[in-house]
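Read the structure below first, then the notes.
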Amino acid sequence: MFLRTVKRSCLFCLCACTLAFAQSQGSARQGSESPLPKDANQYVREVIQREISIENNDHTHWRYHKHREDEKGSNDRDVIQTKDGQLSRTLLINGQPLNDEDRQKDRERMHKLVADPNERAKRNRREKEDGDKAVQMLRAIPEAFIFKYDGLEDDLVRLTFTPNPDYDAPTRELEVFRALSGKMWINRTAGRMARIDGTLFEDVTFGWGLLGRLHKGGTFNVVQKQVGPNHWEVVSTDVNMSGHAIVFKTINVRQHEVLSDFRRMPDDLTIAQAYQMLEQGGAISATNEAGTPRPQSAK
């Protein structure tokens with residue numbers, strides 16, 4: 001699921017930041033006893049190809065709890081993925097239960113997505129466009145950076161990365177890579193990205209500074225873990241960046257997001273069924289016999 005949701009991967013964070021200023025299932029394993037490629041960039045290239053391949057073949061749906069904090073405050077949501085797109089119910093706003101008015105607005109928001117196919121299509125189209133940009137950024141990593149092995153931490157391979165001076169960014173979003181350095185951790189047994197930390201070591205300008213600028217010192221941190229059999233998810237995201245866009249409008253991009261309590265949902269779950277589950281506060285197990293949804297008490 002590394003690529004399914006824009007805001008839940010390091011590349012999605014970078015894509016979201018630069019766009020703001022400019023505008024798994026699978027069992028592939030790489031045994032820990034296998035020697036690492038001498039070329040660290042080749043190792044990263046293989047891992048990224050695996051990430052994309054697994055994501056493209058992952059059609060599972062999951063239910064999870066999402067806690068998000070940004071400059072507007074915080075919220076907690078109960079999220080369910082379906083074959084029609086995801087649906088979420090707001091549980092808390094700034095740590096407090098919703099009042100009657102906010103609860104009604106949240107119910108109307110959910111109902112509109114369920115009842116209006118045009119609204120869902122618009123939402124899904126927007127997410128696909130963002131996702132395509134994120135995949136482009138992910139694919140560019142082995143070419144945009146120079147990787148070096150930096151040691152082992154249990155089953156994690158630690159690497160450092162710095163910009164490749166010969167890389168010519170083909171898009172405005174990818175220009176951020178020329179000012180980014182950091183570290184990446186790869187789970188050697190699974191062959192999956194486990195963590196990535198990055199820092200802007202200099203300002204990044206768009207359109208000679210007229211369109212926007214990301215300030216030096218911005219950071220991001222993303223953690224990905226296995227949350228089910230052969231299934232990995234981004235479980236923690238932290239972004240702290242600042243700058244300005246279009247006529248010096250100050251923009252701060254600060255985001256903290258934690259995902260937890262993952263539960264597998266039926267592969268054929270519809271958004272209407274998800275709506276009923278969220279309204280009832282119940283859950284459906286993917287292991288229900290004959291694929292028939294059956295309410296359960298939520299964890």
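Using alpha-carbon positions, what is the distance between the centroids of the stretch 184-204 and the stretch 58-127, in Å?
29 Å
Under 5 Å between amide H atoms, partner at least 5 residues away or on a different chain: which partners does residue 84 have, H built in plane at 1.01 Å?
Long-range HN contacts for residue 84: 271.
With θ set to phi - 60° and the Karplus curve 6.51 cos²θ - 1.76 cosθ + 1.60, what are the ³J(HN,Hα) couplings of the stretch 37-47 in order, to the nearest whole Hz, using x for Gly and Pro?
For the stretch 37-47, the Karplus-derived couplings read x, 4, 8, 4, 5, 5, 4, 5, 4, 5, 5 Hz, x marking Gly and Pro.
Using R₀ = 30 Å, calculate the FRET efficiency as 1/(1 + (r/R₀)^6) where r is the Cβ-Cβ separation of residue 219 and residue 268; round to 0.05.
Efficiency computed from Cβ-Cβ geometry: 0.15.
Can you tally the net charge around residue 145? Count Lys and Arg as +1, Asp and Glu as -1, for every other residue whose Cβ sits under 12 Å from the Cβ of residue 145. Write down the numbers at each step before the final one.
Working: positive: 45, 148, 178, 183; negative: 143, 166.
In short, +2.
If you take every residue apart from residue 98 with its C-beta less than 9 Å away from the C-beta of residue 98, what net charge results, scoring Lys and Arg +1 and Asp and Glu -1?
Combined, the nearby Lys, Arg, Asp and Glu give -2.
Listed here are the pairs 112/133; 66/128; 83/112; 66/148; 105/133; which of them are more than 25 Å apart at the Cα?
Cα-Cα > 25 Å for 112/133; 66/148; 105/133; rest within.
No lab work stands behind these numbers, since they all come straight from the coordinates. Because the structure is a prediction, the values reported are computed rather than measured. Note that each Cβ is placed from the backbone with ideal geometry, even for glycine, and that neighbours are counted across all protein chains shown.
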